[in-house]
Amino acid sequence: MSDLTPLRLQQKRYWQKTLWFTGILLVVWFLVTFVATFFSAALNQFTFLGLPLGYFMAAQGALIVYIVLIGLYAFLMNRLDRQFGVDEQ
Amino acid sequence: MSNRLRLILGEYGPALFVVLFAVGFTLTVLVLAWLEQRGMSQRWIGYVFLFLTLLVFSLVGLFTRTSDIAEYFVAGRRVPAVYSGMSSGTDWLSAASFIGLAGALYQSGYQGLAFVIGWTGGYVLLALLMAPYLRKFGQFTLPDFLATRYGGHAIRLVGAVAVILASLVYVVAQVYGVGLITSRFITLQFEIGVYLGLAGVLVCSFLGGMRALLHAQAAQYVILLIAYITPITILSFDRTGIPAPPVLYAKAMHQLLEVEHEVFNRPEEVAVRAIYAERAKRLEQQIDNLPGSLVEERKRMGDQIEKMKSSGASVRDIVLLERERRALPATPQLAHAKWRNDLKDALHRSAMPVSDTEPFALPDDGQSRANFLALIFCLTIGTASLPHLLMRYYSIASVSQARRSVFWSLFFVALVYLLAPAYAVFVKLEVLQHTIGVPLESLPAWVNAWTKIGLVSVVDINNDHLLQWAELTINPDVIVLATPEIAGLPYVISGMVAAGGLAAALSTAEGLLLSITSALSHDIYFKMLRPDASSSWRLIVSKSVMVAVAILAASIAVQRPASIVDMVAWAFSIAGAALFPALVLGVFWPRANRAGALAGMIAGLAVTVFYIARVKFDSIPLLGWYGIGMHPWFGIDAAAAGIYGVPVGFVTNVIISLFTKPPGPESQQFIERLRYPRILYNRAEMSGRGTDV
């Protein structure tokens, strides 16, 4: 892609990083939402905070992970914006 | 808030407003508690809470009234993240969340958790795939986005239809919740309650649109949160000595599992379940032998009445039996429907109740894991495409604020959701310990109060004058509302919970009304029919449309359509299947074009509606269709219809796009602009243009 101006190249890199962040966070989201739930019965053999783990994950664990994921996304993206100078003044 | 006030308060205005409101609300509750002790009647406490809730709406509406289009639809686009997060959290917390969620967990234990996971998991999709890009786009409605990205009126129309369909189904459920609360706590007639509640909402949205909504919902959040936290914290403190229900309900859960085990294995419980199993068997035979069995049944009852009359049985018994005979279905079709329901009920009661923490164990259906996952899928995708929620992100000050706002929104939602399992566990424990095995005449007062309005029912099927678990039916919607009574708290707490439920239902209804209104008045009227309309005329049209939609929603709700939970799930499937693929591909796949998006939206919508209609209904008399019922594909419920609709929407969009011309350069430029919060231009190429688009 040598025909790209430095500016275009920079934008392209910004977008690729965005896709990476989005992709990785979505993988974690998928694991918590569907994979952990699928194996809920097996997870119930363990206890966490006094509750069966499978139940805890569905009732509260997943929700807490979601909050962390969204917070992490906001933090990473807002930092990325500043690094690439595309943040709003 | 007036401009003058904003000048004085500056950016701390919203925070100050919330704190002052919280203090004011708490003081009101304390004063009412004091008045209750001095003999204020329950009815008046109910009135005060109802009017307080409506007053908040009206006052905010009055103070924020506006005739500016951008203020009306997107609150001037300068809302900070925390405040908008709080407000859109309230938009999200509906009657279904506030009243229904804990009830679903009470009734079906682990199975109910699909709603917790689905409704919160959707926020991740919303944050990562939708919110920042919609904010960057920055117009007014979802169809705006679709029309700009793909071009043309057709896609705007399909988008608007999907928005209206999903929001209308959802708003009816909210309005129904309002009727439920007012009829119990203020003993108003259901219908009057519905219209009164909507009137309060209308005053607010009518005057101030999104700007009013923003402040009203922040205030409603305060009511809602205090109302949800207080009873369960007191109950938790009372029973375990620890006032931290969400963290420490584990202890109560252990106790619950032990009590459940003991109660469900009592000989009288086993006997009652056996009676229901017997009844189920008989119903099955009757259904198989229709129409003969209906004639036979009528004759059998007639004979028995004759026999009782001649043997001098008590008049009361004879009247009871006659009433039962009159209640027999008139036609074999009706009998079929009624007996099928009775059969389902009897089978449910005859089964050994499932432990609360046991996943996928519904005894009547081997498909529960697939259905559970499918429902989660639909709810997550639906959450990320519900128009009234997505619209909020247009009103936020910037892209980075939009990202933070989703975080705050889920944070405020989570404060309520983390408590829901605690409600279910503590209430179930109370019910098992204080009603089961108790003589019918000394049941606690709340049982009677809720039986009167038909939400709790007690049948003494084995005539032992004691209550067994299988003889008690509690409508799940009752759980949260009745918790203060079940825990024996003062009535003022009940009134407060009712006010919280009302706040949840009304604020969501308001957001939905605004989203329907904007689809009708902005997309269909202004953009498609009369692009030359002046902005003051557009506002007049918006406001009239809003009143019309509100009346329509209320008139559907007073019909009390059968199952509200189902309707809510349908709204999610419809929104997800029609909107999600077109929105996501619109941002992330530049090759998606108009033909693909249009085909994908129509196909997704069609499959979803087709599936719901054919699995759920056997006939639609209005259209003259009969016998259209079909077996569900792979045993998936109609509630999770989106599991077919969403993939069909994606696949159709991709295939049709690939087989037609790529979108033009203006589409490519549009996507480029979405990707970067601020575009940097090469000065040499782009001289003369600003740096920000």
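The values are calculated or read from the model by the stated rules, or taken from the named source; none is laboratory data. Model, not experiment: these values are computed from the prediction. When we count neighbours, we look across all protein chains shown, and the Cβ atoms used for this are built from the backbone with ideal geometry, even at glycine.
Provide a single number: the residues in segment B:518-543 that are part of a helix (DSSP H, G or I) and either without any contact (Cβ under 8 Å) to a residue 40 or more places away in the chain or touching a Pro at 6+ places or on another chain (Cβ under 6 Å) (or both).
8
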| task | Would you check if there is a residue in segment B:443-460 being surrounded by 24 or more Cβ atoms within 10 Å (Cβ to Cβ) and touching a residue at least 12 places away in the same chain (Cβ under 8 Å)? | result | no
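Could you tell me whether segment B:385-399 includes any residue that is over 21 Å from B:K136 (Cβ atoms) and modelled with pLDDT of 85 or more?
Taking segment B:385-399 and keeping what is over 21 Å from B:K136 (Cβ atoms), we get none.
No, every residue in segment B:385-399 fails to be over 21 Å from B:K136 (Cβ atoms) and modelled with pLDDT of 85 or more.
Give the number of residues within segment B:659-693 that are more than 42 Å from the chain's Cα centre (by Cα) and modelled with pLDDT under 50.
Filtering segment B:659-693 down to residues more than 42 Å from the chain's Cα centre (by Cα) leaves B:680-691.
If we keep only those that are modelled with pLDDT under 50 too, we end up with B:682-691.
Qualifying residue count, segment B:659-693: 10.
Residues B:D345, B:D356: which one is away from chain A (no Cβ under 13 Å), surrounded by fewer than 24 Cβ atoms within 10 Å (Cβ to Cβ) and acidic (D, E)?
B:D345
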| query | Within segment A:42-75, restricting attention to residues that are more than 7 Å from chain B (Cβ to nearest Cβ), surrounded by fewer than 18 Cβ atoms within 10 Å (Cβ to Cβ) and among the aliphatic types (A, V, I, L, M), which residue is nearest to B:I117 (Cα to Cα)? | reply | A:I64
| remark: Of the residues in segment A:13-58, those that are within 20 Å of the chain's Cα centre (by Cα) and of a type in the set (G, A, S) number 3
| message | Against the definition (in contact with a Phe, Trp or Tyr (Cβ under 9 Å, 6 or more places away or on another chain) and more than 9 Å from every other protein chain (Cβ to nearest Cβ)), how does A:L31 come out, yes or no? | response | no
| query | Residue check, B:A639 against (1) crowded, with 17+ Cβ neighbours inside 10 Å; (2) modelled with pLDDT under 85; (3) part of a loop (DSSP other than H, G, I, E, B), all met but one. Which one? | reply | (3)
| query | Picking from B:F206, B:F190, B:F185, which residue would you name as being aromatic (F, W, Y) and buried (at least 24 other Cβ atoms within 10 Å of the Cβ)? | reply | B:F185
| Within segment B:398-425, can you find the residues that are more than 7 Å from chain A (Cβ to nearest Cβ) and within 21 Å of the chain's Cα centre (by Cα)? | B:W408, B:S409, B:F412, B:V413, B:L415, B:V416, B:L419, B:A420, B:A422, B:Y423, B:A424
| message | So, in segment B:119-141, exactly how many residues are buried (at least 24 other Cβ atoms within 10 Å of the Cβ), more than 10 Å from every other protein chain (Cβ to nearest Cβ) and polar (S, T, N, Q)? | response | 1
| field | Matching entry among B:D342, B:D356, B:D317 (being of a type in the set (D, E, K, R) and not in a helix (DSSP H, G or I)) | value | B:D356
| said: I'd like to check something: does segment B:88-97 contain any residue that is acidic (D, E), out of contact with any helix residue (DSSP H, G or I) (no Cβ under 6 Å at 6 or more places or on another chain) and away from every other protein chain (no Cβ under 13 Å)? | reply: no
| remark: The correct count of residues that are within 14 Å of chain A (Cβ to nearest Cβ), among the aromatic types (F, W, Y) and within 16 Å of B:A127 (Cβ to Cβ) in segment B:373-397 is 1
